């Protein structure tokens, strides 16, 4: 393989920047641009060591750097590899990158370092996917399940399942090879028993995707209410910053505002929407329509009502949006005189919390109610293996379908060798998770989602 190079740190100004290089000739490229202080030969430098010196170009010092050496096969990519730790700043890092390219390296594609780790057998495909999940994690819990997957926990479970299927196929082969012993009835009973065990394991993985989806994508949370009910004020309190404009003028918010927060380690995608009312302004009408659409698609609605004003038809329209939805009703402005008759709100049979966005009273109760509604404290707290990747979930579903077809084959008294077709399909499907049976197109698609330098 060619020697590849890329900047691994994010663009911008920082204390340190890292330029990563990997490939059989990476040390040859490095020697052309790096002048060590003690000038050791590459064969004398041990792996997992750091050397101090300067990056040079025609005797001109470009930067003072530290270089980490990783010798094959003991590196991230299983190839010769080095990381140039320069001063941060896009100008310096680009100069060093250009020197590497000018001296024989090629610019890495997105995710190519991790792709090489996969192709060279250091990690499987599910572990490679965990790398990008760790990078994109929004909460501690999401990072934790990604780290568990990087350790190979999912791969180990898949391997247990595959071994069970392979043991069934061995029994089938024995029955076919020795028909004189009349083993088919015993074999069928044993196959059904193992298929039941496999189904339980696959079902556990499939069900875990609900929690995995919550951890990966967050809980879509729409804040709705009539103008000046306190929606934007609530968002600002939740974020602890002046994120949304708050005025006494109705209709200030005309478009949705999205931000993430963490509740018990689970991301909530908070969406502040336009105030719902019969608007005359064309732009505001679009905002109101969008607010209703967001509420319909959200996982939970936080409906906020101003109890310092009497409820009106606009509030009643908001109440209707709560039907058949996870919802929490907030009675805002409890620091003012109460004028609203909340008996209609109580009939909706949704949790009701009294709050003040001005004094922040009741906000903690809102978090507690959301946590209780989605059982957030139970997610990823008991060491359970969680599937968070939609690709993995679809593979598991397909595997269970083939498993059921295998059961039907036995129940219908069909020849025992026919079941092998469905068992092979299960092995083929599960191999797509670890990468053993995946196509080049799928591999390319997965690694295209990675950032450059990883």
Only one of these conditions is not met by residue 448: (1) in contact (Cβ under 8 Å) with a residue 60 or more places away in the chain; (2) farther than 15 Å from residue 164 by Cα; (3) surrounded by 17 or more Cβ atoms within 10 Å (Cβ to Cβ). Which number is it?
-> (3)
Could you check region 101-181 for helices (runs of 4 or more DSSP H) lying wholly inside it with 3 or more residues that are surrounded by 15 or more Cβ atoms within 10 Å (Cβ to Cβ) and more than 18 Å from the chain's Cα centre (by Cα)?
-> 112-119, 153-177
Odd one out for residue 292 among (1) modelled with pLDDT of 90 or more; (2) within 33 Å of the chain's Cα centre (by Cα) = (1)
Inspect region 59-73 for any residue being at pLDDT 95 or above, farther than 27 Å from residue 14 by Cα and out of contact with any strand residue (DSSP E or B) (no Cβ under 9 Å at 6 or more places or on another chain) and give the result as yes or no.
-> yes
Restricting the search to region 64-84, which residues are over 19 Å from residue 24 (Cβ atoms) and crowded, with 19+ Cβ neighbours inside 10 Å?
-> 65
Failed criterion for residue 400 (all others in (1) assigned by TED's automatic domain parsing to the domain that holds residue 300; (2) touching a residue at least 12 places away in the same chain (Cβ under 8 Å) hold) | (1)
For residues that are part of a loop (DSSP other than H, G, I, E, B), over 33 Å from the mean Cα position of the chain (by Cα) and touching a residue at least 60 places away in the same chain (Cβ under 8 Å), tally how many sit in region 1-54.
-> 1
Look at residue 340 and say whether it is within 34 Å of the chain's Cα centre (by Cα) and in the same structural domain as residue 261 (by TED's automatic domain parsing).
-> no
Go through region 55-90 and give me each residue that's out of contact with any helix residue (DSSP H, G or I) (no Cβ under 8 Å at 6 or more places or on another chain), more than 15 Å from residue 16 (Cα to Cα) and assigned to a loop (DSSP other than H, G, I, E, B).
-> 58, 59, 71, 72, 73, 74, 75
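The values are calculated or read from the model by the stated rules, or taken from the named source; none is laboratory data. Since the model is a prediction, treat every value here as computed from it, not as a measurement. Cβ: placed from backbone, ideal geometry, glycine included. Neighbour counts: every protein chain shown.
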